[in-house]
Amino acid sequence: MRAIFVMIKCDMGQAYQVARHLADTVEELSEMYSVSGQYDLMGKFYLGAERDIGLFVVEKLQTVPGVKDTYTIQTFNAFTAGG
């Protein structure tokens with residue numbers, strides 16, 4: 001499994017509805033945060049190594065009502081404290 005982070009910009013007033021919808025329907029979602037700045041939400045998703053990241057974002061995230069824009073960050077290595 002690999003982690004990706006997706007920043008999500010929502011239509012005005014839709015961030016909490018989008019976050020709830022994704023939390024309820026997208027099994028790949030690990031964590032969803034409301035954030036400040038250019039984007040409204042940041043989600044951490046785990047995908048299998050064979051999964052197409054672009055297809056996942058386009059089909060599962062960008063089609064959600066209220067999602068205006070996304071920015072995807074692909075991860076390589078995870079580092080933890082003491083490890």
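The values are calculated or read from the model by the stated rules, or taken from the named source; none is laboratory data. Just so you know, these numbers come straight off a predicted model, no measurement behind them. Please note: Cβ atoms are built from the backbone with ideal geometry, for glycine as well, and neighbour counts cover all protein chains shown.
Only a single item in (1) loosely packed, with under 10 Cβ neighbours inside 10 Å; (2) modelled with pLDDT under 95; (3) not hydrophobic (A, V, I, L, M, F, W, C) is not met by Gly54, and it is number (2).
Please verify whether Leu47 is under 14 Å from the mean Cα position of the chain (by Cα) and either surrounded by 15 or more Cβ atoms within 10 Å (Cβ to Cβ) or in contact (Cβ under 8 Å) with a residue 60 or more places away in the chain (or both), treating the condition exactly as stated. For Leu47, the condition - under 14 Å from the mean Cα position of the chain (by Cα) and either surrounded by 15 or more Cβ atoms within 10 Å (Cβ to Cβ) or in contact (Cβ under 8 Å) with a residue 60 or more places away in the chain (or both) - is met.
Applying the condition of being surrounded by 11 or more Cβ atoms within 10 Å (Cβ to Cβ), of a type outside the set (Asp, Glu) and assigned to a loop (DSSP other than H, G, I, E, B) to the stretch 2-44 and asking which residue is farthest from the chain's Cα centre (by Cα) yields Gln14. On the basis of being in contact (Cβ under 8 Å) with a residue 12 or more places away in the chain and over 17 Å from Pro65 (Cα atoms), does Gln38 make the cut? Yes.
Of the residues Phe76, Phe45, the single one that is of a type in the set (Phe, Trp, Tyr) and at pLDDT 95 or above is Phe45.
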